1. Mind jotting down the three principal axis lengths of region 29-71 based on Cα atoms? Whole angstrom, largest first.
2. First compute the accessible area of the chain with a 1.4 Å probe, then give the percent of it belonging to carbon and sulfur atoms.
3. Efficiency by 1/(1 + (r/R0)^6): what FRET value for LEU74 and LYS36, r their Cβ-Cβ distance, R0 = 35 Å, to the nearest 0.05?
4. Work out the count of Lys pairs in the chain where the Cα-Cα distance is under 20 Å, with the pair 8 or more places apart or on different chains.
5. Determine the per residue accessible area of the chain with all protein chains present and a 1.4 angstrom probe, expressed in square angstrom.
6. Which ³J(HN,Hα) values in Hz, rounded to whole numbers, follow from the phi angles of region 14-28 under the Karplus curve 6.51 cos²θ - 1.76 cosθ + 1.60, where θ = phi - 60° and Gly and Pro get x?
7. Along each principal axis of its Cα atoms, how long is the chain end to end? Whole angstroms, biggest number first, please.
8. How large is the helix-only mean residue ellipticity at 222 nm for the chain, computed as the sum of -39500 (n - 2.57) over DSSP H runs with n ≥ 4, divided by its residue count, in deg cm²/dmol to the nearest 500?
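The values are calculated or read from the model by the stated rules, or taken from the named source; none is laboratory data. Remember, it's a predicted structure, so these values are computed and weren't measured experimentally. Cβ atoms come from the backbone with ideal geometry, glycine included; neighbour counts cover every protein chain shown. Heavy atoms of the whole protein, side chains included, go into the accessibility calculation; ligands, DNA and RNA do not. Shrake-Rupley method; radii C 1.70, N 1.55, O 1.52, S 1.80 Å.
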Amino acid sequence: MLQEKITNFRSDIYKMIKDFDMDFIDAVVHWCDINKVEVELAASLVKTDPNILHEIQLDAESLNYLKKTARLPL
(Lines give C-alpha, C1' and ligand atoms only; values in the text may rest on other atoms or scores of the structure.)
Protein backbone atom coordinates (compact mmCIF):
# COMPACT_ATOMS: atom_id res chain seq x y z
CA MET A 1 0.00 0.00 0.00
CA LEU A 2 2.83 2.41 0.80
CA GLN A 3 4.41 1.67 -2.57
CA GLU A 4 1.17 2.73 -4.29
CA LYS A 5 1.19 6.03 -2.37
CA ILE A 6 4.80 6.63 -3.36
CA THR A 7 4.06 5.86 -7.01
CA ASN A 8 1.28 8.47 -7.08
CA PHE A 9 3.31 11.13 -5.24
CA ARG A 10 4.12 13.34 -8.23
CA SER A 11 0.64 13.26 -9.72
CA ASP A 12 -0.96 13.87 -6.31
CA ILE A 13 1.26 16.90 -5.67
CA TYR A 14 0.51 18.49 -9.04
CA LYS A 15 -3.22 17.77 -8.62
CA MET A 16 -3.28 19.48 -5.21
CA ILE A 17 -1.46 22.50 -6.57
CA LYS A 18 -3.93 22.83 -9.42
CA ASP A 19 -7.13 22.04 -7.48
CA PHE A 20 -6.41 23.86 -4.22
CA ASP A 21 -4.11 26.64 -5.45
CA MET A 22 -1.33 25.58 -3.06
CA ASP A 23 2.38 26.11 -3.33
CA PHE A 24 4.67 23.08 -3.53
CA ILE A 25 5.77 23.13 0.11
CA ASP A 26 2.18 23.15 1.38
CA ALA A 27 1.17 20.45 -1.09
CA VAL A 28 3.93 18.09 0.08
CA VAL A 29 3.07 18.63 3.74
CA HIS A 30 -0.64 18.17 3.00
CA TRP A 31 0.12 14.97 1.05
CA CYS A 32 2.00 13.65 4.09
CA ASP A 33 -0.96 14.43 6.35
CA ILE A 34 -3.47 12.77 4.05
CA ASN A 35 -1.38 9.64 3.53
CA LYS A 36 -0.14 9.43 7.13
CA VAL A 37 3.47 9.48 5.96
CA GLU A 38 6.45 11.08 7.68
CA VAL A 39 7.81 14.23 6.07
CA GLU A 40 11.24 12.57 5.88
CA LEU A 41 9.86 10.01 3.40
CA ALA A 42 8.42 12.82 1.29
CA ALA A 43 11.81 14.55 1.40
CA SER A 44 13.44 11.46 -0.11
CA LEU A 45 10.75 11.42 -2.83
CA VAL A 46 11.28 15.10 -3.57
CA LYS A 47 15.03 14.53 -3.95
CA THR A 48 14.36 12.01 -6.72
CA ASP A 49 12.17 14.42 -8.71
CA PRO A 50 14.19 17.39 -9.99
CA ASN A 51 11.10 19.34 -11.12
CA ILE A 52 9.42 19.27 -7.72
CA LEU A 53 12.75 19.94 -6.01
CA HIS A 54 13.28 23.03 -8.16
CA GLU A 55 9.76 24.32 -7.52
CA ILE A 56 10.16 23.83 -3.76
CA GLN A 57 13.43 25.75 -3.91
CA LEU A 58 11.70 28.62 -5.73
CA ASP A 59 8.86 28.62 -3.17
CA ALA A 60 11.34 28.63 -0.27
CA GLU A 61 13.29 31.51 -1.81
CA SER A 62 10.14 33.57 -2.35
CA LEU A 63 9.15 32.97 1.29
CA ASN A 64 12.69 33.89 2.43
CA TYR A 65 13.30 30.41 3.87
CA LEU A 66 16.35 30.11 1.62
CA LYS A 67 18.80 32.67 0.38
CA LYS A 68 17.97 33.70 -3.18
CA THR A 69 20.20 32.16 -5.84
CA ALA A 70 21.43 33.97 -8.91
CA ARG A 71 19.27 33.46 -12.00
CA LEU A 72 19.97 34.15 -15.61
CA PRO A 73 17.53 36.54 -17.27
CA LEU A 74 15.13 34.81 -19.65
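1. Taking max minus min along each principal axis of the Cα atoms, region 29-71 gives 36, 20, 12 Å.
2. On the way: 3300 of 5580 Å².
Within the chain, the accessible surface is 59 percent carbon and sulfur.
3. For LEU74 and LYS36, the calculated efficiency is 0.30.
4. Value for the chain: 9.
5. On the way: 5580 Å² over 74 residues.
Each residue of the chain exposes 75 Å² on average to a 1.4 Å probe.
6. Along region 14-28, the couplings run 5, 5, 5, 4, 6, 6, 10, 6, 9, 8, 5, 4, 5, 5, 5 Hz.
7. Projected onto its principal axes, the Cα set of the chain covers 43, 24, 21 Å.
8. On the way: 5 runs with 52 residues, N = 74.
-21000 deg cm²/dmol, from helical runs alone.
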